[in-house]
């Protein structure tokens, strides 16, 4: 039900505006398909933590079939991808998976997601473009 309550970005323009309009908070966008199992799990987690992170992050959802504008640019080939932006800059995070551009696997707990978002936000306000995840996910294989 998380996808019902979180705001959806319906066009490429809306995605751009979401990224451009926030000056003080981290913009968290879940790209994927609302009907995908991984997306549903992460949407639930994102909705569950949205009040906890509201002071430093805002969460949006974007269906890659309805808004294909960024699929090639952001290499959105996974069933579920979460990307982070701060002051119109793409924020990267080293999860230990070899892909620093995005989070493309389901997390085990909501607290892990809060910790990651908080870590990226703290790095962003210090001017860093790449931060190290609070947990190493090198053993995380897509689909597990």
- Item | Cα coordinate range in the range 64-136, projected on the principal axes (Å, largest first) | 32, 29, 21
- Query: So, in Å, what gap is there between the alpha-carbon centers of the range 1-56 and the range 117-135?
  - Reply: 18 Å
- Note on the structure: Helix-only [θ] at 222 nm, the chain, -39500 (n - 2.57) per DSSP H run of 4+, per residue, nearest 500, equals -10000 deg cm²/dmol
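Translational diffusion coefficient, Stokes-Einstein: compute it for the range 15-144 using the Kirkwood radius over C-alpha pairs as Rh, at 37 °C and 0.692 mPa s, and state it as an integer in µm² s⁻¹.
Details: Rh = 14.6 Å.
The estimated diffusion coefficient comes to 225 µm²/s.
Report the full-extension gain for the segment residue 36 to residue 135: residue separation times 0.36 nm, less the Cα-Cα distance, to one decimal in nm. Walk me through the intermediate numbers first.
Values: separation 99, 0.36 × 99 = 35.64 nm, distance 2.53 nm.
The residue 36-residue 135 span can extend by a further 33.1 nm.
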- Message: Using a 7 Å offset from the Cα along the Cα-to-Cβ direction at both residue 101 and residue 17, what is the distance between the two label points in nm, to one decimal?
- Response: 2.6 nm
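P(r) tail for the range 42-86, what percent of Cα pairs lie past 15 Å? Don't skip to the answer; put the middle values down first.
Details: 494 of 990 pairs.
Taking all Cα-Cα pairs of the range 42-86, the fraction more than 15 Å apart is 50 percent.
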- Item | Average Cα contact separation per residue, the chain, under 8 Å, 6 or more apart, as relative contact order % | 27 percent
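Can you give the FRET efficiency for residue 88 and residue 66, using 1/(1 + (r/R0)^6), R0 = 25 Å, r = Cβ-Cβ distance, to the nearest 0.05? Kindly include the intermediate steps, with their values, before the conclusion.
Working: r = 23 Å, r/R0 = 0.91.
Step by step, r from the Cβ atoms, then E = 0.65.
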- Item | Residue exposure sequence - 121, 77, 137 - by fewest surrounding Cβ within 10 Å | 77, 137, 121
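Since every read-out is calculated from the coordinates, none of them should be taken as a lab result. Model, not experiment: these values are computed from the prediction. Cβ sites come from the backbone with ideal geometry, for glycine too, and all protein chains shown count toward neighbours.
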